[in-house]
Every structure is written in C-alpha cells, then in structure tokens.
Amino acid sequence: MWSNKGFVAKIESMGTLDGPGVRTVVFFGGCPLRCSYCHNPDFWKVNTDDEITTDELFAKVERFKPFHGQDGGVTVSGGEPLSQPAFLTSFFKKCQENGIHTTLDTSGFGNAKNFAEILKYTDLVIFDLKEPNAFDYPKLTGVVKRVSDQFVDAVQRSGNKMWIRTVIVPGKNDTLAKMDEIAEVVNQLDNVEKVQLLPYHTMGASKYAELGIEYELEGVPAMSREKCDELMDYLKTKLNIYNN
Ligand code: SF4
C-alpha cells in the first residue's frame with residue numbers, strides 16, 4: 001500500500017510538545033472528524049496545492065535531523081494522518097530507514113485494514129482519546145467511536161508505546177466523573193507511557209469566521225491551566241501507570 005505522494009498542510013521545525021525531545025512536526029492535510037474544539041479547521045479539506053512526494057517531504061525533514069538529538073524525531077499530526085495511510089506508511093518507513101524516530105499523533109479514525117502496516121513503522125503513538133464514552137463521542141467528533149477502538153486494539157496487538165491525550169473543555173468534560181471514565185479506559189491498556197490533559201484554548205476560533213463555518217464553542221472560555229492541572233492530579237491517583 002505504498003503511495004509516494006500526499007498532502008501536507010504545514011511543517012513545524014522545532015516542536016517540543018508532540019512526542020519526546022525536539023521534533024519536526026508534519027501536519028497532514030484532510031480530516032474526516034469535526035471536533036467541536038478543533039483549532040485547525042483550515043486542515044479539514046485537502047488543499048491540492050499542498051501535494052508533495054515522500055522524497056520531497058523527507059528532504060525537508062532531514063534538514064532538521066541535527067536538532068532532533070538523542071530523543072527527538074518526526075511527528076506526523078494533522079488533520080488526521082490516518083486519512084492518507086499509504087503516504088503515511090511510505091514516509092514513516094523512509095524516516096525509520098534513516099534512523100529518525102517516528103511518532104503518530106492521531107484520533108485513531110481510519111481504515112482498519114491499514115492499521116497494522118502503519119504501526120510497523122511507528123515508534124510511538126500519541127492517541128487522542130477524544131471522549132471515553134461511546135454515546136457522547138459522536139457529539140464531539142461527528143464520527144462513531146468504534147473505529148478508534150479498532151485502532152487502539154491494533155496498537156495493543158502491535159505492542160507500540162502509547163501516550164494518551166484528552167482536550168479538556170470548560171463545562172463539557174472538566175469533571176472528576178469524566179476523569180474516572182478516562183482512567184477506566186486507560187487502565188485497560190498496555191504500554192501506556194504517559195497521559196496528558198490539554199487545556200482547551202480559543203486560538204483557532206477566528207479561523208471559523210474566516211472560513212464561514214459556525215463555531216460550536218462560541219463563547220466558551222479557554223480552560224484554566226490551574227483547573228486542568230488539578231484534574232490531572234486527580235486523574236493520576238486513578239491511573240495504574242502512576243500508582244504501580
Ligand atoms: S481530529 Fe484533529 S484535525 Fe480533525 S477535527 Fe479533530 S481536532 Fe481537528
């Protein structure tokens with residue numbers, strides 16, 4: 001399932017948040033989800049001007065290899081990287097062949113038949129656990145949760161290391177009960193190295209007006225960092241990885 005062409009919306013050269021060490025972060029274009037808090041609605045649709053070959057993308061990334069140091073590497077984010085499975089696989093394969101650590105930042109939404117092949121060339125999965133409850137999941141994302149469950153199952157079978165992330169939005173999921181639900185999901189998984197709560201911010205809101213798209217979270221304030229930290233402190237008491 002190789003494709004040596006795909007769509008890349010943006011590249012950041014010195015990312016420090018999306019995986020270990022210093023990373024080159026590649027944002028693939030295109031996403032089938034519609035998360036209410038998404039700050040990259042401009043990446044939802046593929047821009048045909050953004051087409052690039054695997055070799056061209058690798059050449060751009062390779063220039064930053066000296067900055068990656070011992071721990072860093074490449075992170076592919078989006079958009080939803082799993083919506084370009086063949087391009088993702090060929091790019092990660094090329095990175096690994098050249099000694100560059102690969103991290104996949106994903107919601108887990110894609111075609112399940114591609115998951116095992118992608119994971120062969122993935123060193124670390126950052127899984128965006130959008131919502132632990134299957135009933136509430138579509139309201140937040142516009143898609144069913146079942147597909148991301150299949151992705152998590154594939155990660156478990158592959159033995160890949162995982163980081164888990166959830167965005168916390170005031171008035172939506174900033175409760176201890178939601179932390180209990182997150183803990184219940186995470187405690188069933190092997191190979192989880194880290195769990196992070198990301199405070200919702202409003203920096204993407206103006207993009208919706210520019211794109212003429214209604215913003216569901218209009219008027220919802222940014223999540224306070226302090227409250228998010230308090231929720232994380234509580235969550236840690238419930239997570240096996242921090243208590244064993
Ligand atoms: S998966 Fe990411 S890019 Fe897609 S809608 Fe959700 S937050 Fe936005």
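Here, each number is a calculation from the coordinates, and none is a lab measurement. The structure presented is a predicted model; accordingly, all values stated were derived computationally and were not measured. Positions of Cβ are backbone-derived with ideal geometry, glycine not excepted, and every protein chain shown enters the neighbour counts.
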Any residue at all in region 45-55 that's more than 17 Å from the chain's Cα centre (by Cα), surrounded by 20 or more Cβ atoms within 10 Å (Cβ to Cβ) and not in a strand (DSSP E or B)?
yes
Of the criteria (1) over 23 Å from Ile241 (Cβ atoms); (2) aliphatic (A, V, I, L, M); (3) more than 16 Å from the ligand (Cβ to nearest atom), which one Met162 fails:
(1)
Residue satisfying all of: in region 96-126; touching a Leu at 6+ places or on another chain (Cβ under 9 Å) and within 14 Å of the ligand (Cβ to nearest atom); farthest from Asn187 (Cα to Cα) among these:
Gly110
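Working only within region 192-203, note down all residues that are surrounded by fewer than 14 Cβ atoms within 10 Å (Cβ to Cβ) and part of a loop (DSSP other than H, G, I, E, B). Give the derivation first.
Initial filter on region 192-203 (surrounded by fewer than 14 Cβ atoms within 10 Å (Cβ to Cβ)): 193, 203.
Correct list: Met203 only.
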Qualifying positions in region 4-35 - more than 13 Å from the ligand (Cβ to nearest atom) and either part of a loop (DSSP other than H, G, I, E, B) or without any contact (Cβ under 8 Å) to a residue 12 or more places away in the chain (or both):
Asn4, Thr16, Leu17, Gly19, Pro20, Gly21, Val22
Does region 161-191 hold any residues that are of a type in the set (S, T, N, Q), within 28 Å of Leu119 (Cβ to Cβ) and surrounded by fewer than 19 Cβ atoms within 10 Å (Cβ to Cβ), and which are they?
Asn187, Gln188, Asn191
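For region 77-93, indicate whether the set of residues that are in contact with a Phe, Trp or Tyr (Cβ under 9 Å, 6 or more places away or on another chain), away from the ligand (no atom under 16 Å from the Cβ) and within 21 Å of Gln196 (Cα to Cα) is non-empty.
Quick first cut of region 77-93, residues in contact with a Phe, Trp or Tyr (Cβ under 9 Å, 6 or more places away or on another chain) only: 77-93.
Retained after the next criterion (residues that are away from the ligand (no atom under 16 Å from the Cβ)): 86-87, 89-93.
Of the ones still in play, those that are also within 21 Å of Gln196 (Cα to Cα) are none.
No, there is no match, as no residue in region 77-93 is in contact with a Phe, Trp or Tyr (Cβ under 9 Å, 6 or more places away or on another chain), away from the ligand (no atom under 16 Å from the Cβ) and within 21 Å of Gln196 (Cα to Cα).
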Could you tell me how many of the residues in region 36-70 are within 16 Å of the ligand (Cβ to nearest atom) and in contact (Cβ under 8 Å) with a residue 40 or more places away in the chain?
9
If you check every pair at least six apart or on different chains, which have Cβ atoms under 7 Å apart with a residue in region 191-203 that is free of Cβ contacts under 8 Å to residues at least 60 places away in the same chain first and a residue that is in a loop (DSSP other than H, G, I, E, B) and of a type in the set (A, V, I, L, M) second?
Val195/Leu239; Pro199/Ala222; Pro199/Met223; Thr202/Ala222
